[in-house]
Amino acid sequence: MILDVNQAGFRYDSVRMIFSGISFSLGEQEVLCILGPNGIGKSTLIRCLANLYPLCAGSIRLHDRDIRSLNYRDVARVIGYVPQAHEITFPFSVREFVLMGRAPHLGLFASPGKEDRTKADEAIGLVGIQKITDKPVNEISGGEYQLAMIARALAQEPEVLLLDEPTSHLDFGNQIRVLEIIDRLARDGLSVIMSSHFPDHAFLTSNNVAIMQHGSFMAYGLAEEVVTETNLKATYGVDVSITYSHDVERHVCVPHRSGQCRCRDPKQPEYSPKMAAMVPAMR
Ligand SMILES: Nc1ncnc2c1ncn2[C@@H]1O[C@H](COP(=O)(O)OP(=O)(O)OP(=O)(O)O)[C@@H](O)[C@H]1O
């Protein structure tokens with residue numbers, strides 16, 4: 001396991017715990033999607049996993065070492081973190097901004113070399129922002145900035161990517177592109193933990209889904225076991241009906257990322273997030 005979280009608890013103040021008793025493990029190529037209502041603690045948990053906030057209970061182990069015993073560089077070589085909020089930045093160009101992701105691989109005061117520039121350009125290509133590489137980051141749109149932050153984290157070459165609502169500022173096309181990138185990277189060996197407000201995104205990209213509610217994981221497991229009408233009602237207070245469909249002729253399928261479709265049809269088409277996303281997962 002890359003990451004082991006055991007009975008994790010966190011509080012900002014002495015008044016209340018934000019979460020407690022959270023336990024899970026993350027292995028290679030696994031994608032965990034964390035769902036939950038606004039203000040429930042998803043971002044806080046992700047910041048704890050990035051070692052930005054110390055737990056007040058329990059532990060987080062990275063490659064079997066307590067994350068608190070590791071320095072910034074040790075953690076950053078394994079974990080890439082893409083925050084939800086815009087950071088205040090100086091007017092670096094997008095290319096320079098992405099190149100900053102190479103910092104954990106550079107010696108102190110060392111300038112980026114040819115390999116670092118190649119890795120940054122690869123990451124820029126992967127998220128498709130080649131056209132804006134010379135623009136200052138403070139002059140690009142919210143969605144472009146989000147893609148630039150993902151590219152910066154990818155340039156870091158992490159083993160685990162922590163994404164806090166990675167599709168929140170993106171148009172529909174870029175949402176699908178980012179979900180495809182996550183899926184492709186996971187197939188190539190990356191592990192991902194992402195928070196989301198979209199239960200259907202959990203189906204498209206994730207092995208496991210956790211629903212945060214009342215300061216803990218109220219459900220954790222495969223998407224089809226966790227994203228249920230009952231759980232969505234309990235979490236968001238809304239009545240929805242989830243439909244699964246499969247039609248090879250019309251290429252209609254809402255499968256799990258493992259490639260397993262609920263109907264278990266052996267003729268099911270190759271899994272593709274683009275294809276699956278054409279079908280509303282809920283109505
Ligand atoms: N720096 C902080 N100091 C004190 N309380 C905070 C701080 N940041 C967040 N909180 C509180 O912690 C709780 C959890 O916030 P968090 O941002 O983790 O939720 P979230 O599930 O990510 O929400 P959203 O889906 O709206 O982004 C909220 O009640 C929030 O007000």
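So that you can scan it fast, the table gives a plain yes or no per residue for (1) within 16 Å of the ligand (Cβ to nearest atom); (2) part of a helix (DSSP H, G or I); (3) at positive phi:
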position: L126; (1), (2), (3): no, yes, no
position: Y145; (1), (2), (3): no, yes, no
position: R152; (1), (2), (3): no, yes, no
position: P158; (1), (2), (3): no, no, no
position: L170; (1), (2), (3): yes, no, no
position: I176; (1), (2), (3): no, yes, no
position: I182; (1), (2), (3): no, yes, no
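Which one of these is of a type in the set (D, E) and touching a strand residue (DSSP E or B) at 6+ places or on another chain (Cβ under 6 Å): D171, D164?
Step by step, each of D171, D164 is checked, and only D164 is of a type in the set (D, E) and touching a strand residue (DSSP E or B) at 6+ places or on another chain (Cβ under 6 Å).
Just give me the residues in the range 149-159 being more than 22 Å from L45 (Cβ to Cβ) and either aromatic (F, W, Y) or surrounded by fewer than 24 Cβ atoms within 10 Å (Cβ to Cβ) (or both), in sequence order.
E157
Where the second residue is among the charged types (D, E, K, R) and not in a helix (DSSP H, G or I) and the first is within 11 Å of the ligand (Cβ to nearest atom) and lies in the range 45-56, which pairs have Cβ atoms under 6 Å and are six or more apart or on separate chains?
Cβ pairs passing all conditions: I46/D164.
Considering only residues that are surrounded by fewer than 14 Cβ atoms within 10 Å (Cβ to Cβ) and more than 30 Å from R184 (Cα to Cα), which ones fall in the range 8-29?
Hits for the range 8-29 are Y12, D13, S14, V15, R16.
Take the residues of the range 20-33 that are touching a Ser or Thr at 6+ places or on another chain (Cβ under 8 Å) and within 24 Å of Y72 (Cβ to Cβ): which is nearest to the ligand (Cβ to nearest atom)?
Across the range 20-33, the extreme among qualifying residues is I22.
Hey, among the residues in the range 184-197 that are within 16 Å of the ligand (Cβ to nearest atom) and of a type outside the set (S, T, N, Q), which one's nearest to G39 (Cα to Cα)?
Only one residue fits best here, namely H197.
Looking at the range 160-178, is at least one residue crowded, with 17+ Cβ neighbours inside 10 Å, in contact with a His (Cβ under 9 Å, 6 or more places away or on another chain), among the acidic types (D, E) and under 26 Å from I60 (Cβ atoms)?
Yes, some residue in the range 160-178 is crowded, with 17+ Cβ neighbours inside 10 Å, in contact with a His (Cβ under 9 Å, 6 or more places away or on another chain), among the acidic types (D, E) and under 26 Å from I60 (Cβ atoms).
If you go through the range 201-235 one residue at a time, how many are of a type outside the set (S, T, N, Q), assigned to a helix (DSSP H, G or I) and buried (at least 19 other Cβ atoms within 10 Å of the Cβ)?
Of the residues in the range 201-235, 7 are of a type outside the set (S, T, N, Q), assigned to a helix (DSSP H, G or I) and buried (at least 19 other Cβ atoms within 10 Å of the Cβ).
Can you name the residue in the range 34-68 that is in a strand (DSSP E or B) and touching a Gly at 6+ places or on another chain (Cβ under 6 Å) and, of all such residues, is surrounded by the most Cβ atoms within 10 Å (Cβ to Cβ)?
G58
No lab work stands behind these numbers, since they all come straight from the coordinates. The model shown is predicted, which means the values in this text are computed figures rather than measured ones. Note that each Cβ is placed from the backbone with ideal geometry, even for glycine, and that neighbours are counted across all protein chains shown.
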